[in-house]
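Engineer: Mind looking over this structure? Questions follow.
Read the figures in this text as sums done on the coordinates, not as results from a lab. As the structure is a prediction and not an experimental result, all values here were calculated from the model. Don't worry about glycine lacking a Cβ; one is built from the backbone with ideal geometry, like all the others, and counts go over all protein chains shown.
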Amino acid sequence: MQVLDALALAMPLTTREVSADGRPTYRVNGHLYICHRSDRPDAVDARGRRLDDVLMFRVADLEAKEMLLADTASAFFTTAHFNGYPAVLLRIPHLRKMKRDELFELVADAWLTRAPKRVARAWLDERGL
């Protein structure tokens, strides 16, 4: 989670809020783009136990979501709660298996979905993207 925290906080206008139980939420200009979800009845393991280690990442649109979910090698998933919503879920233990540049891309893509257009454009221009 330290790498995720560093990457998210490096994005312009990002703020981090921490819930009473220590779960971070990252916002850009007040808009949520990554959060550590509380244990909800819609995210359970094979035994039916609620998962308390789930991160939500915003994605550009439902097509981007479907592309991430279609990759059988990825650890991304969704629940019925997120039907029709542009976001994917990822369990925290899978962060350790991701390369830093893959995680950076995930964080940056999530940030770009919520950042003000002029700030996003300036950030992309700085990187020649």
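Engineer: Residue check: is A87 within 26 Å of L124 (Cα to Cα), small (G, A, S) and under 14 Å from the mean Cα position of the chain (by Cα)?
Structural biologist: yes
Engineer: In the stretch 92-127, how many residues are touching a strand residue (DSSP E or B) at 6+ places or on another chain (Cβ under 6 Å) and farther than 26 Å from D39 by Cα?
Structural biologist: So the count comes out to 1.
One line per residue, one yes/no per condition, for (1) surrounded by 13 or more Cβ atoms within 10 Å (Cβ to Cβ); (2) part of a strand (DSSP E or B):
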{"position": "V3", "(1), (2)": "yes, no"}
{"position": "T15", "(1), (2)": "no, yes"}
{"position": "Y26", "(1), (2)": "yes, yes"}
{"position": "Y33", "(1), (2)": "yes, yes"}
{"position": "P41", "(1), (2)": "no, no"}
{"position": "D52", "(1), (2)": "yes, no"}
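Engineer: Kindly provide the set of residues from the stretch 7-43 that are of a type in the set (A, V, I, L, M, F, W, C) and in contact (Cβ under 8 Å) with a residue 60 or more places away in the chain, ordered by number.
Structural biologist: Matches in the stretch 7-43: L7, A8, M11, L13, V28, L32, I34.
Engineer: On to the next question. Tell me which residues, restricted to the stretch 54-77, are over 15 Å from L95 (Cα atoms), surrounded by 13 or more Cβ atoms within 10 Å (Cβ to Cβ) and of a type in the set (V, I, T).
Structural biologist: Matches in the stretch 54-77: V59 only.
Engineer: Out of the stretch 18-39, which residues are farther than 15 Å from M1 by Cα and either in contact with a Leu (Cβ under 8 Å, 6 or more places away or on another chain) or β-branched (V, I, T) (or both)?
Structural biologist: Passing the criteria: V28, N29, D39.
Engineer: Something else: Would you list the helices (runs of 4 or more DSSP H) that sit entirely within the stretch 57-129 and hold 1 or more residues that are within 15 Å of A10 (Cα to Cα)?
Structural biologist: Counting at least 1 such residues, we get 100-114, 117-126.
Engineer: Now a separate question. Report every pair of residues separated by at least 6 positions or lying on different chains whose Cβ atoms are under 6 Å apart, first residue within the stretch 101-114 and farther than 15 Å from L55 by Cα and touching a residue at least 40 places away in the same chain (Cβ under 8 Å), second buried (at least 21 other Cβ atoms within 10 Å of the Cβ) and of a type in the set (S, T, Y).
Structural biologist: From residues that are farther than 15 Å from L55 by Cα and touching a residue at least 40 places away in the same chain (Cβ under 8 Å), the pairs are R114/Y33.
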